[in-house]
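Data first, discussion second: the structure below is written as structure tokens.
The values are calculated or read from the model by the stated rules, or taken from the named source; none is laboratory data. Computed from a predicted structure; not experimentally measured. When we count neighbours, we look across all protein chains shown, and the Cβ atoms used for this are built from the backbone with ideal geometry, even at glycine.
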Amino acid sequence: MSENLRVFAIGAHPVDIFDQSAGTMLHHIERGDWVGCCVLTHGARVHDRVMSHEMFYKKEIPSGEELTKLMRERSDVKADEVKKACGILGIKDIFFFGADDAVLLPNGQIVRKLAALIRELKPNVILTHYPYELGEIWGPHSVAGQCTLMAIGYAASVDPDDKNPPHSTTQVYFWGQGAAKLPRTVMDTTRSLYNDVCIDISDVIEKKLKCMDELYSQAYDGVYARKRLETVDGAHGVSGRVAYAETFISWKMQVYRYLPVSEILLKMDMESEQDLRTKFSYRLKV
């Protein structure tokens with residue numbers, strides 16, 4: 001491309017943007033593209049070592065102001081972890097909406113706020129959750145995807161409370177690792193999704209691991225991080241005949257002047273399957 005892209009990742013929880021696309025974002029940063037991220041919920045109610053782990057084993061949890069104060073503290077912890085992980089990648093523009101993920105629903109306030117941010121930042125590409133991830137319409141991931149698509153549509157028009165002009169987002173890539181993974185619930189049987197974009201992140205998998213290790217409060221660090229990258233990024237990588245990969249689902253048809261052919265695939269097809277298998281048959285160090 002003759003000009004740099006502007007890539008914006010929008011996740012429901014603090015961990016999502018890293019778990020699903022840290023390697024891809026790092027590639028774009030290294031190329032000179034602008035990359036920013038937005039976390040819609042504080043994430044303190046789920047996947048937290050205090051709120052969802054320690055509280056689980058208590059006979060009685062704090063109530064009222066005490067519990068609210070604790071959730072604020074845990075939200076700050078998670079935000080700090082996101083900032084540290086972004087620092088590893090080189091992302092400077094981070095936005096926290098702080099919504100409660102208890103019962104996250106599409107609502108006008110979130111959509112208008114996100115649309116205003118899109119008009120201001122003017123991303124060409126947005127990375128986010130598939131709006132019906134796992135066949136759900138109620139999960140925080142699905143709702144985040146729905147809010148994002150609504151915001152993209154609204155950002156393309158004017159808002160009386162926003163001085164920025166309308167902005168059209170060129171493409172959305174839904175996180176395929178969340179949307180097109182192996183079925184595990186009856187709702188999954190309604191899906192017919194497949195990943196049509198595979199990003200080889202083998203060269204930056206160690207940096208992605210460092211990001212995951214910063215997400216201690218959500219217990220996505222340590223042994224679990226290594227297990228997850230091997231079984232998820234590793235499995236998607238094998239599908240693409242590379243060691244580790246992040247996969248995506250395109251929002252709309254791409255338009256080209258000529259037939260697009262991947263340079264990586266052209267190089268792969270000059271090698272035997274045995275040589276390719278040898279290249280991607282290694283594991284992360286524990």
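Screening Ser75 on (1) crowded, with 22+ Cβ neighbours inside 10 Å; (2) part of a helix (DSSP H, G or I); (3) within 18 Å of the chain's Cα centre (by Cα) shows it passes everything except condition (3).
Being over 15 Å from Ile10 (Cα atoms) and in contact with an Asp or Glu (Cβ under 7 Å, 6 or more places away or on another chain): is that true of Glu81 here? Criteria met by Glu81.
Within the option set Arg277, Arg241, Arg257, being among the basic types (Lys, Arg) and at positive phi holds for one residue only, Arg241. Here is the figure for the range 74-107: residues that are touching a helix residue (DSSP H, G or I) at 6+ places or on another chain (Cβ under 7 Å), of a type in the set (Asp, Glu) and more than 24 Å from Leu26 (Cβ to Cβ) total 1. Within the range 24-72, being within 18 Å of the chain's Cα centre (by Cα), of a type in the set (A, V, I, L, M, F, W, C) and part of a loop (DSSP other than H, G, I, E, B) holds for Ala44, Val46. Going by the conditions given, is Leu276 part of a helix (DSSP H, G or I), over 20 Å from the mean Cα position of the chain (by Cα) and either modelled with pLDDT of 90 or more or not small (Gly, Ala, Ser) (or both)? Against the criterion (part of a helix (DSSP H, G or I), over 20 Å from the mean Cα position of the chain (by Cα) and either modelled with pLDDT of 90 or more or not small (Gly, Ala, Ser) (or both)), Leu276 qualifies. Thr24: among the hydroxyl-bearing types (Ser, Thr, Tyr) and under 30 Å from Ala243 (Cβ atoms), yes or no? Considered against the rule, which asks whether it is among the hydroxyl-bearing types (Ser, Thr, Tyr) and under 30 Å from Ala243 (Cβ atoms), Thr24 comes out as yes.
As an exercise: evaluate Thr128 against (1) in contact with a Pro (Cβ under 7 Å, 6 or more places away or on another chain); (2) within 22 Å of Ile17 (Cα to Cα); (3) at pLDDT 95 or above and give the number of the one condition it does not meet. For Thr128, the exception is condition (1).
Checked against the criterion of being farther than 24 Å from Lys83 by Cβ and touching a residue at least 40 places away in the same chain (Cβ under 8 Å), the candidates Val261, Val238, Val255 yield just one match: Val238.
Taking the conditions exactly as written (modelled with pLDDT of 90 or more and either under 23 Å from Lys208 (Cα atoms) or surrounded by fewer than 18 Cβ atoms within 10 Å (Cβ to Cβ) (or both)), does Glu120 satisfy them or not? Considered against the rule, which asks whether it is modelled with pLDDT of 90 or more and either under 23 Å from Lys208 (Cα atoms) or surrounded by fewer than 18 Cβ atoms within 10 Å (Cβ to Cβ) (or both), Glu120 comes out as yes. Residues in the range 227-261 that are outside any helix (DSSP H, G or I) and surrounded by fewer than 13 Cβ atoms within 10 Å (Cβ to Cβ): Lys252, Met253, Gln254, Val255, Tyr256, Arg257, Tyr258, Leu259, Pro260, Val261.
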